[in-house]
Amino acid sequence: MEKQFAGLLSQHELKVTSARLLVLQIISAANSAVSQPKIETQVNGKVDRVTLYRILSAFEQKGILHKVIDLNGTANYALCSSKCTSHTHHDEHLHFNCTNCLKVYCMNDFSLPPVQLPNGFTAGSFNLSITGLCKECNG
């Protein structure tokens, strides 16, 4: 997996560092988007807060991660699709916010209809989210 992440960083013209590899490992191992505070806890002193912020920002700018805001206004991060670049994100998918456990899930298996904007408008990205109970909380 580390080799795959090193290739991903190189593909996006980012230096391969142990801190960047650790952040990618944490996010890819999760079954939902991961909040910045949770990532901070999991890096457990191996990466300081400022460096973590810079890593997450660089990953978002390069099209490696996309950011989803949860019900409390906290930034959560998930891996982008392979189609994303530093110029455009192609993560046009549904997000599900669980009102009980507060996890945010990327619902990649659902197709969204194309959005028709009025003349003169250009979409950069969009976010569509649903709130409710996830399958774990639904029991």
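Descriptive notes on the structure:
- For the chain, the antiparallel share of DSSP beta bridges with both residues in that region comes to about 70%.
- 222 nm mean residue ellipticity, helices alone, for the chain (DSSP H n ≥ 4; -39,500 (n - 2.57); rounded to 500): -9500 deg cm²/dmol
- Note on K3: lysines with a C-alpha under 25 Å away, same-chain residues under 8 apart excluded, are K15, K38, K46, K62, K67, K83.
- Computed over the chain, Kirkwood Rh from alpha-carbon pairs, angstrom: 16.1 Å
None of the figures in this text is laboratory data; all of them are computed from the coordinates on show. None of the values given here were measured: they were computed from a predicted structure.
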